[in-house]
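**Student:** This is the structure I want to talk about, given as structure tokens.
The values are calculated or read from the model by the stated rules, or taken from the named source; none is laboratory data. Computed from a predicted model, the values in this text were never measured in an experiment. When we count neighbours, we look across all protein chains shown, and the Cβ atoms used for this are built from the backbone with ideal geometry, even at glycine.
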Amino acid sequence: MAEVIEAGSIRIQLDVKNSQSLTRVKGRTAYFRHWEVACAKLGKAMGPKAGPYGLGAFTTYSCDHGAGMPYAKSLPPKWLLNIVDGKEEARFSLKHLDNSGYSVVTEFVMPASTHTLEFFADDEFTDMIAYALLDASPMGMLVTKADVGGSPPQFTGRFWRAGKSKSFKYDVPEPPVHLSIYRLRWDDQEMQWHSESIGDARQIKVNQPKEQKQRQGTVLIGGGVVYETSEKVVRALAFGSLWAKTAAGPDHSREETTKSLRRAQIKIAAAAQSGELDDFLAGRFDAILKILSGYGSGYAGIRYGREALLGEGGLGRLLRKTSVVQGVLQIRNGPTQGLRYSYDVVPRTTLILPGIVSPVEASIESSRHTLGYSYEFDPHLLVDKITVEPKVGAWTFKGVLPITNDEHGLVADTANFALNSALSLGLEVGLEELSDWYLMRQWYRVNTGFSLHKSSGRVVSNQFGIDAFFTGGPRISLFGLSMKSAIMAFYFCDAVDIFLNRQVGTVAGDDAKITAVGFTVGYAGIGAALSW
Amino acid sequence: MRMSLSLAGYLFATASIFSTRLSTAMADAVIAAKDPVATNGAPALAEWVGSLKEPTGEFPRRLVFLRALAEKAGDLPDFLPLNRSAFERLSYLRMVDSKDAAWDFKLNKNKFSQADPFEAVVGITRADTVVVAPKKGPWRLLRRVKGQKTVVFEGDGPGVVTPEGITDWLFAVLNWDGVVLAQRPDYLLVGAKSSLLKRSEIQALAVTDSKGKFILAAGERTGSGLISLSETREGIGVFDVVILGKGVKNIAPGSKLIMEKK
């Protein structure tokens, strides 16, 4: 038998049985106080026209924490939102009652947090949860006869950020441009949804909300997304309300929505973990700077990489043998937040190369101390963080490098290149993408070093690379501190030019002086880190 | 009134002689036999159609028109845009509204995300016959036979892809003119092309053992009874049974009909 789906009631239920591990941790009273707030906010956000862009399907809601007390004797509602605030994950399952019981219509999962229910104190976060559920459900925006007017007929959906702070904290998708308008039925026998397409609607404008100064800051008021539809829709509305949903269909943007939600969760979790949730909600907490509290207040690690580029000639073969060891220290929280230190060593590497007269030994080694300070900001676009990091350091380079070859590739001449503790200055720009379990960082760095020794010279290095930092390893107790272990992976390419203040050779068959050498290396490797 | 007929060979021969016999030797007798029942309490068509249950037999009832099936599970098929109301006026055949179906695909995406594209189309649209009508290449009629996707026809499509062109093409492919949808004592509810049923005094030959045949073979015209139109509305008509072949007790739902074309 077909059930016509109209705006109805929903029970929002906390699955206490599967959330017990958390309730033990948090204490029942406070936990259920957070639950009451979460349920009420979520219930309101899923009301008709109350969700982002006017989504919303449930005229009434009830809250239940699974003990069965308040609602045990009432008829089971057609819709159920089951929330498992589990130890491993938080699961939100929107279910519909059919002839086999409650069937999952859509669900999504977030990483577990001991603060999950507290997140709903944030209306913007609640909106994102409501959007994820409603966008994936077969219902959409409820359109009634009273909503549509004018010629050509128009109706308006809620502006996502209406009623929220001007300084919006999360990334949200654009409002849909094309809507499908339909009646919806559920067929219990076939166990599937059936629609009757009535018409379409097209976004014609977005009315920006007005700013209103309130005690807690500037809030956006009003606004809306205006859609134009057809007379056919108006005629159909005489026989009952309709649903409107993005023409791409339910759940079309799950990947994007999930990603936005994860990013939002990371931000709010960082605030909650720092005990600064109230500041965060009031927009006084720069979450992105705290975001790595998930990785600790800082981390120290060691990485090892091998040369990965295919070099040519004697120099190329020498470079192929090299490796790099790096020690890194990053302070991401506290008074020294932003400090970065790294120590890179290319251990002495030697190679016997065939020479014109006799074999020659080539060698290379270097070390570099770098101290930097990272200035960071959230661009609210594409990446989570942009960093700009000036650096200062000391650079030592020693090498006996082949500088000329004969036509057979035999080394004709080598030269000593040495820079001892050259002062180094650099600048790095990084783009960071954060998740709850990884940090991905792409960067470009330019360094220049110069020695005060008269016979020495200067060095210029252009580097670009990608670093990955994966959390999730076991916790380790060290010096009385509980530290998290993580795995690092990296690749970087380094184009080095060394200029000396003296001649080291001449080009064969030519009198041109050789005073510089340039080479490119690329190192790929892995490492381990501890964060605190 | 029903007339039993002992001379089955006389009445039900091949198609090549059907029209001649119907229009000459049999005509008077048929009309004479038809008159009393035509005015004597034939079931009201609207009421009958309203109470019609899912008829048995192999014949198309609800079609879905596609340009192409989805290439892989979970993808949306390419629907052939066709004016549904215009198509449904032309015969008893119903068709799936492509817009509803496309939206139903999206609504039920999870349920059918792993299903074979054909099964997904049939499951979501409830169509019994899938017409795959590419812009180039042969058209195909697909049906689920004994639980398996079966190509029941593959060949040239219609000359013009319009509701009229497709309807004519479909009946030409099926090689019959109508089908018995339901049966009551002395009367049959018949589905056919509307244009055929518009003609007055139309008679039809029920083809023997045709209930289980979706497409009739070229020479398959052995009759089991003769029926005459009593009431019609678009592609549905109430026919009264004029005569039955020897040993034939009734004309079962699903039986195919050959109608007089002149």
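**Student:** Anything in the stretch A:30-62 that is hydrophobic (A, V, I, L, M, F, W, C) and either modelled with pLDDT under 90 or outside any strand (DSSP E or B) (or both)? List them, or say none.
**Tutor:** A:30, A:32, A:35, A:37, A:38, A:39, A:40, A:42, A:45, A:46, A:50, A:57
**Student:** One residue is enough: does the stretch A:377-394 have a residue meeting the conditions modelled with pLDDT of 90 or more and of a type in the set (Lys, Arg)?
**Tutor:** Yes.
**Student:** Can you find, within the stretch B:98-124, the residue that is surrounded by the fewest Cβ atoms within 10 Å (Cβ to Cβ) among those that are among the acidic types (Asp, Glu) and facing chain A (nearest Cβ under 9 Å)?
**Tutor:** B:100
**Student:** Filter the stretch A:410-436 down to the residues that are polar (S, T, N, Q) and surrounded by fewer than 21 Cβ atoms within 10 Å (Cβ to Cβ), then identify the one that is modelled with the lowest pLDDT.
**Tutor:** Within the stretch A:410-436, the match that is modelled with the lowest pLDDT is A:435.
**Student:** Can you tell me how many residues in the stretch A:349-383 are of a type outside the set (D, E, K, R) and more than 26 Å from the chain's Cα centre (by Cα)?
**Tutor:** 20
**Student:** While we're here: Is there a residue being touching a strand residue (DSSP E or B) at 6+ places or on another chain (Cβ under 7 Å), more than 10 Å from chain B (Cβ to nearest Cβ) and closer than 30 Å to residue A:266 by Cβ anywhere in the stretch A:235-245?
**Tutor:** No, because not a single residue in the stretch A:235-245 is touching a strand residue (DSSP E or B) at 6+ places or on another chain (Cβ under 7 Å), more than 10 Å from chain B (Cβ to nearest Cβ) and closer than 30 Å to residue A:266 by Cβ.
**Student:** Condition test on residue B:156, is it out of contact with any Lys or Arg (no Cβ under 9 Å at 6 or more places or on another chain) and under 23 Å from residue B:219 (Cβ atoms)?
**Tutor:** Criteria met by residue B:156.
**Student:** Something else: Could you please find all residues in the stretch A:8-29 being in contact with a Phe, Trp or Tyr (Cβ under 8 Å, 6 or more places away or on another chain) and at pLDDT below 85?
**Tutor:** Residues satisfying the conditions are A:22, A:23.
**Student:** From the list A:244, A:308, A:238, which one is surrounded by fewer than 20 Cβ atoms within 10 Å (Cβ to Cβ), closer than 30 Å to residue A:198 by Cα and at pLDDT 85 or above?
**Tutor:** A:238
**Student:** Which residue is farthest from the other protein chains (Cβ to nearest Cβ), if the candidates are limited to the stretch A:173-202 and must be part of a loop (DSSP other than H, G, I, E, B) and buried (at least 19 other Cβ atoms within 10 Å of the Cβ)?
**Tutor:** Across the stretch A:173-202, the extreme among qualifying residues is A:175.
**Student:** Considering A:169, A:232, which residue is buried (at least 20 other Cβ atoms within 10 Å of the Cβ) and of a type in the set (D, E, K, R)?
**Tutor:** A:169
**Student:** Being more than 14 Å from every other protein chain (Cβ to nearest Cβ) and touching a Pro at 6+ places or on another chain (Cβ under 8 Å) narrows it down to one residue among B:71, B:58, B:88; which is it?
**Tutor:** B:71
**Student:** Ok, one more. I'm checking my understanding of the structure. Among residues of the stretch B:218-237 that are β-branched (Val, Ile, Thr) and surrounded by fewer than 24 Cβ atoms within 10 Å (Cβ to Cβ), which one is modelled with the lowest pLDDT?
**Tutor:** Residue satisfying both the conditions and the ranking: B:222.
**Student:** So if I check each of A:137, A:230, which one is within 26 Å of residue A:106 (Cα to Cα) and within 14 Å of chain B (Cβ to nearest Cβ)?
**Tutor:** A:137
**Student:** Among the listed residues A:204, A:221, identify the single one that is more than 31 Å from the chain's Cα centre (by Cα) and either over 30 Å from residue B:108 (Cβ atoms) or free of Cβ contacts under 8 Å to residues at least 40 places away in the same chain (or both).
**Tutor:** A:204
**Student:** If the requirement is being surrounded by 20 or more Cβ atoms within 10 Å (Cβ to Cβ) and at pLDDT 90 or above, which of these qualifies: B:196, B:257?
**Tutor:** Only one candidate qualifies: B:257.
**Student:** Please tell me if residue A:103 is farther than 15 Å from residue A:42 by Cα and in contact with a His (Cβ under 8 Å, 6 or more places away or on another chain).
**Tutor:** yes
**Student:** OK, next. For residue B:188, state whether it is farther than 13 Å from residue B:92 by Cα, modelled with pLDDT under 95 and crowded, with 18+ Cβ neighbours inside 10 Å.
**Tutor:** Considered against the rule, which asks whether it is farther than 13 Å from residue B:92 by Cα, modelled with pLDDT under 95 and crowded, with 18+ Cβ neighbours inside 10 Å, residue B:188 comes out as yes.
**Student:** Just for strands (runs of 3 or more DSSP E) wholly inside the stretch A:387-473: which have at least 2 residues that are among the polar types (S, T, N, Q) and in contact (Cβ under 8 Å) with a residue 40 or more places away in the chain?
**Tutor:** Because the criterion is at least 2 residues that are among the polar types (S, T, N, Q) and in contact (Cβ under 8 Å) with a residue 40 or more places away in the chain, the strands (runs of 3 or more DSSP E) in the stretch A:387-473 that meet it are A:411-434.
**Student:** Can we say residue A:153 is in contact (Cβ under 8 Å) with a residue 24 or more places away in the chain, in contact with a strand residue (DSSP E or B) (Cβ under 9 Å, 6 or more places away or on another chain) and surrounded by fewer than 19 Cβ atoms within 10 Å (Cβ to Cβ)?
**Tutor:** Judged against the criteria, residue A:153 is not a match.
**Student:** Report yes if some residue within the stretch A:501-518 is buried (at least 16 other Cβ atoms within 10 Å of the Cβ) and at pLDDT 85 or above; otherwise report no.
**Tutor:** no
**Student:** Let me ask something else. May I ask you to list the residues in the stretch B:228-252 that are farther than 19 Å from residue B:46 by Cβ and part of a loop (DSSP other than H, G, I, E, B)?
**Tutor:** The answer is B:245, B:246, B:247, B:248, B:249, B:250, B:251, B:252.
**Student:** Also: Taking into account only those residues within the stretch B:125-142 that are charged (D, E, K, R) and under 18 Å from residue B:160 (Cβ atoms), which is farthest from the other protein chains (Cβ to nearest Cβ)?
**Tutor:** B:136
**Student:** Considering only residues that are free of Cβ contacts under 8 Å to residues at least 24 places away in the same chain and in a strand (DSSP E or B), look in the stretch A:207-218 and name the one that is farthest from the other protein chains (Cβ to nearest Cβ).
**Tutor:** A:213
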